[in-house]
1. Report the normalised scattering of segment 67-136 as log10 I(q)/I(0) at q = 0.13, 0.16, 0.27 Å⁻¹, calculated by the Debye formula with identical scatterers on the alpha carbons.
2. Only four residue types carry charge here, +1 at the Cβ of Lys and Arg and -1 at the Cβ of Asp and Glu. Report the dipole size of the chain about the Cα centre in Debye, rounded to the nearest 20.
3. So how strong a dipole does segment 150-287 carry about its Cα centre when Lys and Arg Cβ are +1 and Asp and Glu Cβ are -1, to the nearest 20 debye?
4. Could you grab the relative contact order for the chain? Cα pairs under 8 Å, six or more apart, rounded to a whole percent.
5. Along the charge dipole of segment 157-287, pointing to its positive end and built from +1/-1 on Cβ of Lys, Arg, Asp and Glu, which listed residue (CYS235, ILE172, GLY195) has its Cα farthest out?
6. From the phi of every residue in segment 233-245, what ³J(HN,Hα) in whole Hz does the Karplus formula 6.51 cos²θ - 1.76 cosθ + 1.60 yield, where θ is phi - 60° and glycine or proline is x?
7. Counting each pair of different Cα atoms once, what's the Kirkwood radius of the chain in Å, rounded to one decimal?
8. Would you grab the residues whose amide H sits under 5 Å from the one on LEU47? Only those 5+ places off in sequence or on another chain, please, with H modelled 1.01 Å from N.
Amino acid sequence: MATVQAGDVQLGWREWGQGDVTVVFIHGNLASKDWIELAAPLFPSGLRVIGIDWRGCGESDRPTPAADYSNYSMQQHAMDMLAALDRLEINFCHLATHSTGGIIAARMLLMQPQRFGRVFALDPVTPLGIAFNADQIGLFRSMMASKQLTRTVMATAASSLFVPESLAPGVIPRFRDGLGESQRLFDRIIEQTFGVSEGVWIGTPVNLTREKESRELERRMPEIRHPHLVLWGECDGWIPPADLRAMAAAMPDCRLVVVPGIGHSMNLELPALYAGYFGGWFGGLAK
């Protein structure tokens, strides 16, 4: 296990490939750097790809959450990532994000815009944030106590891996036949998810709601001038497509692509397709 000191926490990190072009992967909520594990071997040569676990996730430290979860805010995660890049001596890189990693990256881009180039965002939480009500936050708290409930909810984040009828309420999700490595990785990810900090389980929806209510980042979207390729799976029930359209309209250099037949997590559902988009966006930079 490799870790890097980032302020007051140690963050887990992992590296794939070598080259002069560095891409840093910022994962989503209840996740880890391992979510690109199957896609990474398919990335173009000449790229150095680094995945870093948030505080509270994967192989990172799990600080006791503050009463208001302020030490698990999107700003705190962004500061952690910037501190990790400092310690790893990465002065310039590109970013690949998934889900909540998108809004963390937005804060990174605004704090140190000169440090970053292109951004490849898969089903991102946009700078608009997302509002969660008390019942939804209660569901996350219930998931903390039930691995089966966690698996059921997480299955909806990788919906194309499962028999559609088995994703109905009250039914146990069943994998489609012939998934192989994707099924094994999903099962391992559930074990990881069940071990994340309460600061992530509850702190993430609480802090994303604060982002939505403050509208701070929404107002600053025109300042984010970095080239963005944004992918949204048309079967994704987590990210509102209207938010993505608003993001694409507000940012000066942002292209939105809708991908048929995919849910929230192409990196798990079709890693070869994810690697193809990844390579198309970053591969030419390595020449």
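The values are calculated or read from the model by the stated rules, or taken from the named source; none is laboratory data. All values reported here derive from a predicted model rather than from experimental measurement. Heads up, the Cβs are rebuilt from the backbone with ideal geometry, glycines too, and the neighbour counts pull from every protein chain shown. Accessible surface areas use protein heavy atoms only, side chains included; no ligands, DNA or RNA. Shrake-Rupley method; radii C 1.70, N 1.55, O 1.52, S 1.80 Å.
1. Here log10 of I(q) over I(0) equals -0.40, -0.58, -1.33.
2. Values: 25 positive and 30 negative charges, 63 e Å.
With Lys and Arg at +1 and Asp and Glu at -1, about 300 debye.
3. Details: 14 positive and 16 negative charges, 55 e Å.
Once rounded to the nearest 20, the dipole reads 260 debye.
4. Details: 583 pairs, mean separation 68.8, N = 287.
The normalised contact order for the chain reaches 24 percent.
5. CYS235
6. My calculation for segment 233-245 gives x, 5, 9, 6, x, 9, 9, x, x, 4, 5, 5, 5 Hz in order.
7. Values: mean 1/r = 0.0531 Å⁻¹.
One over the average 1/r among Cα pairs gives 18.8 Å for the chain.
8. Counting only residues 5 or more places away or on other chains, the set is GLN18.
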